[in-house]
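Colleague: Take a look at this one; I'll ask things after.
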Amino acid sequence: MLGEIAWGHVARAEKQIGEAERRYRKAAEIDAAGMRGPVSLANFLVSQKRWAEARRPFEERLAKDAGDRFAAYQLARVVQGEGADLAKALQLFEQYLSGAAIPGGPTRLPPWKRP
C-alpha cells in the first residue's frame with residue numbers, strides 16, 4: 001500500500017494524472033479498512049475537485065459501520081473542503097470527537113495549543 005502511494009506521488013509529480021489515480025485507487029483498495037490508502041485517494045480526488053468521488057470511500061465505510069469515527073472525520077474534512085453542507089461537516093466532526101482519540105488517527109490538541 002505504501003509503495004502504491006509513493007508511485008502515485010511520483011506519477012503526480014510527472015503530471016501523469018491517470019497513472020497517479022490508478023496508484024491511489026490501488027492503495028485505497030489494499031487498505032480499505034485502514035487509514036493511509038483511503039486518505040491518499042481522497043486527497044488526490046479533492047485536488048481534482050472531484051468531491052463526490054472523494055467522499056465515497058468514507059461514506060461506504062460509514063454505511064458498513066456507523067460508528068467508524070475515523071471515516072466520520074475524513075468525510076467531514078472532504079465535506080468542509082467542498083463547502084456544500086457545513087452542518088453535516090460539523091455533525092461528523094462531533095461524531096469523531098465523541099470518543100477517545102484513535103491510535104494513529106488525527107490528533108486532538110487542546111484548544112490552547114492550536115496555532
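Colleague: Of the conditions (1) part of a helix (DSSP H, G or I); (2) surrounded by fewer than 18 Cβ atoms within 10 Å (Cβ to Cβ), Lys15 satisfies every one except a single condition; which number is it?
Modeller: For Lys15, the exception is condition (1).
Colleague: Kindly establish whether Lys64 is out of contact with any Leu (no Cβ under 8 Å at 6 or more places or on another chain) and either aromatic (Phe, Trp, Tyr) or at positive phi (or both).
Modeller: no
Colleague: Only one residue in Ile5, Ile30 is closer than 26 Å to Ala101 by Cα, out of contact with any strand residue (DSSP E or B) (no Cβ under 8 Å at 6 or more places or on another chain), crowded, with 19+ Cβ neighbours inside 10 Å and among the β-branched types (Val, Ile, Thr), so which one is that?
Modeller: Answer to the check: Ile5.
Per-residue answers, yes or no, for (1) among the polar types (S, T, N, Q); (2) surrounded by fewer than 21 Cβ atoms within 10 Å (Cβ to Cβ); (3) in a helix (DSSP H, G or I):
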| residue | (1), (2), (3) |
| --- | --- |
| Gly37 | no, no, yes |
| Val46 | no, yes, yes |
| Ala54 | no, no, yes |
| Gly67 | no, yes, no |
| Ala71 | no, no, yes |
| Leu75 | no, no, yes |
| Val78 | no, no, yes |
| Leu90 | no, yes, yes |
| Gly105 | no, yes, no |
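Colleague: List pairs: first in the range 74-89 and closer than 12 Å to Ala42 by Cβ, second part of a helix (DSSP H, G or I) and aromatic (Phe, Trp, Tyr), Cβ under 6 Å, 6+ apart or cross-chain?
Modeller: These pairs meet every condition: Gln74/Phe58; Leu75/Phe58; Ala76/Phe93; Glu82/Trp51.
Readers should treat all values here as calculations from the given coordinates under stated rules, not as data from a laboratory. Quick caveat, the model's predicted, so the values are computed rather than measured. For neighbour counting, all protein chains shown are included, and Cβ atoms are generated from backbone atoms with ideal geometry for every residue, glycine included.
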